[in-house]
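Each remark here refers to the structure printed beneath this line.
The values are calculated or read from the model by the stated rules, or taken from the named source; none is laboratory data. On a predicted model such as this, the values are computed, not experimentally measured, just so you know. Here the Cβ is made from the backbone with ideal geometry for all residues, glycine too, and neighbour counts use every protein chain on show. Remember, those area values only see protein heavy atoms, side chains included, never the ligands or the DNA or RNA. Shrake-Rupley method; radii C 1.70, N 1.55, O 1.52, S 1.80 Å.
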Amino acid sequence: MFNWFRRQFGNNAPDSTPAPEETASPPPESETPEAEDAASLSSVAPSPASEAPEAYLAWAKEAYQNIQARKGQTESSPEAPEETGAVEEVEAKQQEPEIETEKSPAWLQKSDRLEALKETALETPAEKTPQPAPEPDEDFLWSAQVLAAQGRAPEDVAEEEINWLSKLRQGLTKTRRNLVNQLKSIVGQGPLNPEAVEEIEALLLQADVGVAATEHIIQTLQAKLREEALPPDQAIEFLKGILRDILDQPLQSYPETFAPQADCLNIWLLTGVNGAGKTTTIGKLAHLATNSGYRCLIAAADTFRAAAVEQVKVWGERTGVPVIANPGQNTDPAAVVFDGVSAAQSRQVDLLLIDTAGRLQNKKNLMDELAKIRRIIDKKAPDAQVESLLVLDATLGQNGLRQAQVFSEAARLSGVVLTKLDGTAKGGVALAVAQQLNLPIRFIGAGEGIEDLRPFSSYEFVEALLNG
């Protein structure tokens, strides 16, 4: 079982994380330089700017073979009973009495000589042309390069990670095409002149990066280009570092790892405006947690929106996660939360996901209700690990920043879930959230499928944004 929250196979307990030295692949038997290079990638990942693409290719092929081997073990199943039945059928046919041919015409009778020739003839098996082994495609190679640069070992890579990175890259294609080509033509000409600054500023603002983050990026990039002239590719690599620093800045105030804690109840409260994708995110998080080995429960506390509870129940059926709900309409959401916490404690689940009503940030009564829910959680489960996640529609761009600011004051937010990156969204809004609100991005969604929500990684996001 692959734990997506900790990006590893095996148990979900924090103390069971294997050491990096233990996950390195064993050295190959051959002592050729090519084999030594491929083996070294398992313990020491190549740098993003490495000039050894063959090293990445060897790493990718090894990861691909490991994934195919795991798939073969999963799909293979014994078929002995079927073979036994076939043998018995053949034996039964052999025991059938031969048809008497004395009364049949001579031209229908079997030739003894022909039968003898058939029995003594040697059967030559048909020659099988060897099929070439399947090779990883371009998306696999790019995803493998991103994982290898983070220090991952080939045997620890899951097929789900490869598929997710490919989908994330496709979701950011529009933003990447608009940014990369124009940036390369601008930054490869030495220090930035006023015209170049205006062009970069326009590009970043169009990508929803935000004013504050845009100013920081331009100032940092300009200072570097004044020190030394960088070729376009190196300038893009330096820009990637700036973006990663912005996205990782909030982690100085929040825990770096966002995962259900062991030996305690974890409660995740999801908030946001209507249409951001809260209920869908609840279902995808439940699926992610269940597949990662956690016992999960959902509390349907969105009692204002019509059919919201039914929608949560549908997601509960799809993911196999129980749903705590009040059958009545317009019931008190705080009462549903109270029942949900009680059920989670009695059933000893690992993670309780609470769906709240969509509300506008300027509706004081609804925001007060959100604060009331948080007080009930703190009183009913004082020892629980409580997290509040704001579900933010990436297509809103800068309009979502004010929402995040007000929700942060009412719900004591601990992170943001950025959804709908696969549509017309511009990925720069993630930088604006991190820079202006100092909130970490915890999860991102890049599709409508149940598998299209994954934990956020600044390195993977920036590579998908600027590495095309």
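So if I check each of ALA262, ALA212, ALA207, ALA229, which one is under 17 Å from LEU431 (Cα atoms) and either open to solvent by 40 Å² or more (accessible area, probe 1.4 Å) or modelled with pLDDT of 90 or more (or both)? Spell out how you get there, then give the answer.
Values: ALA262 fails: under 17 Å from LEU431 (Cα atoms); ALA207 fails: either open to solvent by 40 Å² or more (accessible area, probe 1.4 Å) or modelled with pLDDT of 90 or more (or both); ALA229 fails: under 17 Å from LEU431 (Cα atoms).
Exactly one residue qualifies, and that residue is ALA212.
Each residue in region 410-453 was checked for being small (Gly, Ala, Ser) and assigned to a helix (DSSP H, G or I), and 5 pass. Just one of the listed residues (GLN405, GLN398, GLN385) is polar (S, T, N, Q) and touching a strand residue (DSSP E or B) at 6+ places or on another chain (Cβ under 8 Å), namely GLN385. Scanning region 430-468 for residues that are among the β-branched types (Val, Ile, Thr) and touching a Leu at 6+ places or on another chain (Cβ under 7 Å) yields VAL433, ILE441, ILE444, VAL462.
If you go through region 141-183 and keep only what is under 22 Å from ARG226 (Cα atoms) and surrounded by fewer than 15 Cβ atoms within 10 Å (Cβ to Cβ), you end up with ASN181, GLN182. Checking each residue in region 421-453 for being surrounded by fewer than 23 Cβ atoms within 10 Å (Cβ to Cβ) and more than 23 Å from GLN206 (Cβ to Cβ) picks out ASN438, ARG442, PHE443, GLY447, GLU448, GLY449, ILE450, GLU451, ASP452. Restricting PRO322, PRO255, PRO327, PRO250 to residues that are of a type outside the set (Lys, Arg), free of Cβ contacts under 8 Å to residues at least 40 places away in the same chain and either touching a Pro at 6+ places or on another chain (Cβ under 6 Å) or farther than 22 Å from ILE373 by Cβ (or both) narrows the list to PRO255. Here LEU360 meets the list (1) aliphatic (A, V, I, L, M); (2) modelled with pLDDT of 90 or more; (3) in a loop (DSSP other than H, G, I, E, B) almost entirely, failing just condition (2). Considered as a group, the residues in region 232-243 that are free of Cβ contacts under 8 Å to residues at least 40 places away in the same chain and either among the hydrophobic types (A, V, I, L, M, F, W, C) or touching a Ser or Thr at 6+ places or on another chain (Cβ under 8 Å) (or both) include one that is surrounded by the most Cβ atoms within 10 Å (Cβ to Cβ), and that residue is ILE242. For region 185-198, the condition holds for no residue, the condition being that it is among the charged types (D, E, K, R) and either surrounded by 15 or more Cβ atoms within 10 Å (Cβ to Cβ) or closer than 20 Å to VAL433 by Cα (or both).
Checking the conditions here, which among ASP378, ASP383 is assigned to a loop (DSSP other than H, G, I, E, B) and either basic (Lys, Arg) or at pLDDT 90 or above (or both)?
Working: ASP378 fails: assigned to a loop (DSSP other than H, G, I, E, B).
Every option except ASP383 fails the conditions.
Exactly one residue among ILE298, ILE282 is in a strand (DSSP E or B), open to solvent by less than 10 Å² (accessible area, probe 1.4 Å) and within 22 Å of ALA381 (Cα to Cα), and that residue is ILE298.
For region 263-279, filtering for residues that are under 24 Å from LEU401 (Cβ atoms), part of a loop (DSSP other than H, G, I, E, B) and not β-branched (Val, Ile, Thr) leaves 5. Selection within region 158-189: residues that are assigned to a helix (DSSP H, G or I) and among the aliphatic types (A, V, I, L, M). The member of this set that is nearest to ARG70 (Cα to Cα) is ILE162.
Filter region 363-375 for residues that are surrounded by fewer than 17 Cβ atoms within 10 Å (Cβ to Cβ) and assigned to a helix (DSSP H, G or I); which is modelled with the highest pLDDT?
First pass over region 363-375, keeping only residues surrounded by fewer than 17 Cβ atoms within 10 Å (Cβ to Cβ): 363-365, 368, 371-372, 375.
Those still in the list that are assigned to a helix (DSSP H, G or I) too: 364-365, 368, 371-372, 375.
Numbers: LYS364: 68, ASN365: 70, ASP368: 78, ALA371: 80, LYS372: 86, ARG375: 89.
The residue in question is ARG375.
Close Cβ contacts (under 9 Å, 6 or more residues apart or on different chains) running from residues in region 212-223 that are touching a residue at least 12 places away in the same chain (Cβ under 8 Å) to residues that are of a type in the set (A, V, I, L, M, F, W, C) and not in a helix (DSSP H, G or I) comprise ILE217/VAL209; ILE218/LEU192; LEU221/LEU192; GLN222/LEU192.
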